[in-house]
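What follows is calculated from the coordinates using simple rules that are stated; it is not laboratory data. It should be emphasised that the depicted structure is a prediction, and the values quoted were computed from it without experimental measurement. Every residue, glycine as well, gets a Cβ built from its backbone with ideal geometry; the counts of neighbours run over all protein chains shown.
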């Protein structure tokens, strides 16, 4: 998770609004894995569940856990909207792809999620099974339990995948329509388009992965709402669908590293900088030289410009 956040925070990637959404998602995934997942493992695996005894912790744990669960998919939705804006031929739509809009969209998404999930902090409570001295933290029985099931199904299970798929398809169609029309006139534009292309590929693979991993859980939740009945088999299958759901929050690093050379380069730069600070060695410097030379030669730059950029980069570090 640390290596997922650091490359996205580098200047070469941070200049893109899409990378800001990736960075926000990576930070949120950290809280999913090290707060939501750990408390779930302690409860299910070791029978250590403070939520069953403390009303305050019951409300806090479920409220923030489900907020963390919800934010990452919606950050991916924002990234897919940004890629659609970048690929659009309409200059008014392309204008929405900038860092100012990204910061505002991230802030508004967090605020909106905090507000719409507020009901969980109110109506989640410690329940007691009649005639059995067992307590558990869950929704208040009755009408709210039905409302919560529908709310969770729509806003978490169905809406994000639908939005991701919709804007992902729109982006692909837009790129295909305008691929022949966009001819870079300068080296800087060509390199910018190359970066946008890699970011779009990272996003599309991320969308496909998230949809595939979340869909079993979404289908199971839909079945539970329709049947309104639970037995041992349904409970077991529902528990199995939770595993790929958690996987969807820890696959970003591998997707970005395998799908985008730009991300790999920034990751290796970070590792080389850390090694330089710790041991005074530049173990990966030769890789950066070869990568920068090959990349800039493909963009039409002279070897003199390449060497000058490498010198400036070394001085900045």
Point to revise | the stretch 234-275-the stretch 49-102 distance, computed between alpha-carbon centres (Å) | key: 17
Review point. Let a ≥ b ≥ c be the square roots of the eigenvalues of the Cα gyration tensor of the stretch 16-64; is it rounded (a/c under 1.5), or, if not, prolate (a/b larger than b/c) or oblate?
Key: oblate
Exercise for review: Within the stretch 205-247, which residues have the backbone N less than 14 Å from the label spot 7 Å out from residue 119 along Cα→beta-carbon, could you tell me?
Suggested key: none
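Quick one, can you get me the convex hull of the C-alpha atoms of the stretch 2-254 expressed as volume per residue in Å³?
So the per-residue Cα hull volume is 141 Å³.
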Point to revise | Burial ordering of 158, 115, fewest other beta-carbon atoms within 10 Å first | key: 115, 158
Study note, to complete from the structure: residue 150 and residue 134 label points (each 7 Å along its Cα→Cβ direction) are spaced in nm at 2.9
**Study point:** Estimated distance in nm for a label pair at residue 242 and residue 107, the labels positioned 7 Å out from Cα along Cα-to-Cβ
**Key:** 3.7
Review point. Considering the zone a paramagnetic label at residue 93 would reach in this model (a point 7 Å from Cα along the Cα-to-Cβ line), which residues of the stretch 134-173 have amide N under 17 Å from it?
Key: 163-173
